[in-house]
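Worksheet: one structure, shown below.
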Amino acid sequence: MGLISFGKISKVHGLAGEVKFLPFSGQLDNISTLERIFLNKTSGGPLIELKIIKRSFHKGSATLKLEGINSIDDAEKLIGNHVYVETSDLRSLEDDEYYWFDLIGLETFTDDGQYIGIVDSLIDRFLQSILVVKNEGKEHLIPLTEPIVKEIDLEQSKIIISPIKGLLD
């Protein structure tokens with residue numbers, strides 16, 4: 001089983017035990033195809049599988065009705081829990097599309113071979129995502145866009161960039 005941290009339960013919605021879900025990526029695309037999620041109902045407890053019965057979307061979040069969660073009291077116990085999904089449950093991507101979890105940990109180099117650092121996280125912005133690349137206490141914010149990002153090679157675990165003037169200063 002290849003579980004990834006996908007988002008978190010932020011609050012209760014309504015009286016019937018529905019919850020608001022916020023994906024870490026800020027993207028709701030995959031939620032419409034997911035049939036199940038995993039979380040721990042008690043802090044530090046084992047992960048449990050919950051079937052998604054119903055879903056709706058509004059302003060960057062999803063409202064989920066989960067099997068077995070039928071009251072406000074049940075739903076309140078889930079607030080703050082991280083949601084995990086099985087990677088095999090995610091939709092297939094087109095060429096040149098990547099999940100954020102695929103990019104975390106990749107080494108980043110300039111097109112002339114200079115080592116920049118390792119992708120630590122991503123920041124979602126309205127028009128583009130930004131790679132947060134760290135190396136020995138330095139942090140570089142690199143727009144995840146052409147013409148800056150030249151190549152993403154998951155097999156070699158690296159990203160090649162062509163930095164514009166001032167990007168790495």
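So here's what we get for this one:
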| quantity | calculated |
| --- | --- |
| Out of Ile152, Ile148, Ile118, sole residue that is of a type outside the set (Lys, Arg), outside the structural domain of Leu22 (by TED's automatic domain parsing) and closer than 23 Å to Gly7 by Cα | Ile118 |
| Hits in segment 63-102 - residues which are modelled with pLDDT under 90, surrounded by 12 or more Cβ atoms within 10 Å (Cβ to Cβ) and part of a helix (DSSP H, G or I) | Thr87, Asp89, Trp100, Phe101, Asp102 |
| The one condition in (1) under 22 Å from Leu28 (Cβ atoms); (2) at pLDDT 90 or above that Asn135 fails to fulfil | (1) |
| Checking Phe21 against (1) without any contact (Cβ under 8 Å) to a residue 24 or more places away in the chain; (2) crowded, with 20+ Cβ neighbours inside 10 Å, the condition it does not meet | (1) |
| Filter result for the condition that a residue is assigned to a strand (DSSP E or B), at pLDDT 85 or above, under 21 Å from the mean Cα position of the chain (by Cα) and of a type in the set (Gly, Ala, Ser), over Ser10, Ser5 | Ser10 |
| Subset of segment 26-82 that is of a type in the set (D, E, K, R) and in contact (Cβ under 8 Å) with a residue 60 or more places away in the chain - its residue that is farthest from Lys11 (Cα to Cα) | Asp29 |
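The values are calculated or read from the model by the stated rules, or taken from the named source; none is laboratory data. All values reported here derive from a predicted model rather than from experimental measurement. All Cβ positions, glycine included, derive from the backbone under ideal geometry; neighbour counts span all protein chains shown.
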